[in-house]
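Colleague: Submitted below is the structure of interest, expressed as structure tokens.
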Amino acid sequence: MSAQHTPSLTPASGVRRRRWWMGGVLCLGLVCLGVLGWRVWRHEQVVHHMLHPERQAITDQERALARQRLPGLREVSFQAADGLTLRGWYVPSRNRAAVVMVHGAGANRTWFLDEAVALSQRGMGVLLYDNRANGESDGDTQSWGDHEQDDLRGGLDFLQAQPDVDPQRLGATGFSIGAYTVAMVAAQDPRIRAVVLKAVWTSLPDELLFMAGPTGRFNAWLLGQEFSWAGVRLDRVHPGDLVAAIAPRPLLVVAGDDDHDAPMTVTRAVYEAAREPKQWRLIPGATHVDYERLGGVDLHEQVVDFFSRGLLEAPKGG
């Protein structure tokens, strides 16, 4: 019996194996490039939405409802401190006090309608306006509390010029990006005599790091670069470092205990960094979009009482 013979590979079979291997590597490379390209495209889409949100127009029904619920409402426009034109609603004051209300990302002035009604019923003037790049205001970049500080300063200038308003009795309330804005301006502008912050972050860099999630610091750095290229100055949005300067003016900080965009622990850190007089309000079950609904009448009454005490008592120094 002859011994078994195992044939050796021929040159042709070796070439075929190499081609199959190279083809597999090429396919894997194309798949990786495709995934990377999709991730880059997705990243750009997310950043574009964050910086250039789709405008939420004021509908005819919303305008009619606002006029019905806020007697005396006027359509107004004013200039931000950097010259941009902003548009909103103003209800004159009946007790010489007035509150400016600053909404969050991708929203418009209607966000604070229920609270504005509560304040107006107590006799306070209210200014609700669309942030830049939102609603009916000019601008194309939402800067997450950076240039919105110029918007708020323009709103304060507007209120200060109203004959029905005492410039020593101005308050401000903000939600999310609006809370960034109010916190930063109030820490530096003594015209704001009482402050309400809802869903406020310690700083914009902290929030971007949180948004980066499992990808961590590299993606946060990448987001920060995109924001910087769009003209957003991250170092101008850090309420946690400046909130103590609001004292001795009164501060109310509001958080939702189920808010996954501005976690309660983060908002609480801003509260802890502030000095007295200050108040804390936690809304059970509230996500980032549930503050007004779940807070309801109780929250509105607390805010109205807070501003009544802060603005209608004799003005204090500070």
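Just so it is clear, none of the values below were taken in a lab; they were calculated from the coordinates. The model shown is predicted, which means the values in this text are computed figures rather than measured ones. In this analysis, Cβ positions are derived from the backbone assuming ideal geometry, glycine residues included, and neighbour counts consider all displayed protein chains.
Colleague: Taking the beta-carbon count within 10 Å as an exposure proxy, list THR267, THR202 from fewest neighbours to most.
Modeller: Final ranking by Cβ density, sparse to dense: THR202, THR267.
Colleague: Fewest Cβ neighbours within 10 Å first, please rank LEU86, LEU234 accordingly.
Modeller: The fewest-first ordering by Cβ neighbours comes to LEU234, LEU86.
Colleague: 5 Å is the cut-off here: which amide hydrogens, built 1.01 Å from N in the peptide plane, fall below it relative to GLY104, excluding neighbours closer than 5 in sequence?
Modeller: Amide H neighbours of GLY104, under 5 Å, 5+ apart: PHE175, GLY178.
Colleague: Which loop-located GluC sites (Glu not before Pro) does the range 109-157 contain, where loop means any DSSP state but H, G, I, E or B and the Cβ has at most 12 other Cβ atoms within 10 Å?
Modeller: For GluC sites (Glu not before Pro) across the range 109-157 that sit outside H, G, I, E and B with at most 12 neighbouring Cβ atoms in 10 Å, the list is empty.
Colleague: Turning to a different aspect of this structure: Amide H to amide H, which residues 5 or more places from VAL76 or on other chains are under 5 Å from it, using H placed in the peptide plane?
Modeller: Here GLY88, TRP89, TYR90 satisfy the definition.
Colleague: Take peptides 169-177, 90-98, 290-298, 55-63 and line them up by average Cβ neighbours within 10 Å, highest first, as a rough protection proxy.
Modeller: The peptides rank, most packed first, as 169-177, 90-98, 290-298, 55-63.
Colleague: Then there's this: Pairwise over distinct Cα atoms, reciprocal of the mean inverse distance: report the Kirkwood radius of the range 82-151 in Å, one decimal place.
Modeller: 12.4
Colleague: Using modelled backbone amide H atoms (1.01 Å from N, in-plane), which distant-in-sequence or interchain residues come within less than 5 Å of ARG94's amide H?
Modeller: Under 5 Å from the amide H of ARG94: MET124, GLY125.
Colleague: Along Cα→Cβ, 7 Å out, is where each label goes; now give me the distance between the ones at THR141 and ALA247 in nm to one decimal.
Modeller: Going from the THR141 label point to the ALA247 one covers 3.6 nm.
Colleague: Rounded to the nearest 0.05, what FRET efficiency do ARG268 and ALA64 have when you use their Cβ-Cβ distance and R0 = 41 Å?
Modeller: Calculated transfer efficiency: 0.55.
Colleague: Now for a separate question. First measure r as the distance between the Cβ atoms of GLN168 and ARG275, then evaluate 1/(1 + (r/R0)^6) with R0 = 22 Å and state the FRET efficiency to the nearest 0.05.
Modeller: Efficiency for this residue pair is about 0.55.
Colleague: In what order do LEU209, LEU251 fall by count of nearby beta-carbon atoms within 10 Å, going from fewest to most?
Modeller: Least crowded to most crowded, the residues run LEU209, LEU251.
Colleague: Next question, about the same structure. About the Cα centre, and with charges only on the beta carbon of Lys, Arg (+1) and Asp, Glu (-1), how big is the dipole of the range 229-318? Nearest 20 debye, please.
Modeller: Charge dipole of the range 229-318: 460 debye, to the nearest 20.
Colleague: What are the ³J(HN,Hα) values, in whole Hz, obtained from phi via the Karplus relation 6.51 cos²θ - 1.76 cosθ + 1.60 with θ = phi - 60°, for each residue of the range 88-100 in sequence order, with x given for Gly and Pro?
Modeller: Whole-Hz 3J(HN,Hα) from phi for the range 88-100: x, 10, 10, 10, x, 7, 10, 10, 6, 9, 8, 10, 9.
Colleague: Right, another one. Fully extended, how many nm does the chain gain between TRP221 and ARG236 (0.36 nm per residue separation, minus their Cα-Cα distance)?
Modeller: Gain on extension, TRP221 to ARG236, equals 3.7 nm.
Colleague: Ok, one more. What is the gain in length, in nm to one decimal, between VAL76 and GLN160 on full extension, counting 0.36 nm per residue of separation less the C-alpha to C-alpha distance?
Modeller: Going from the current span to full extension adds 28.8 nm.
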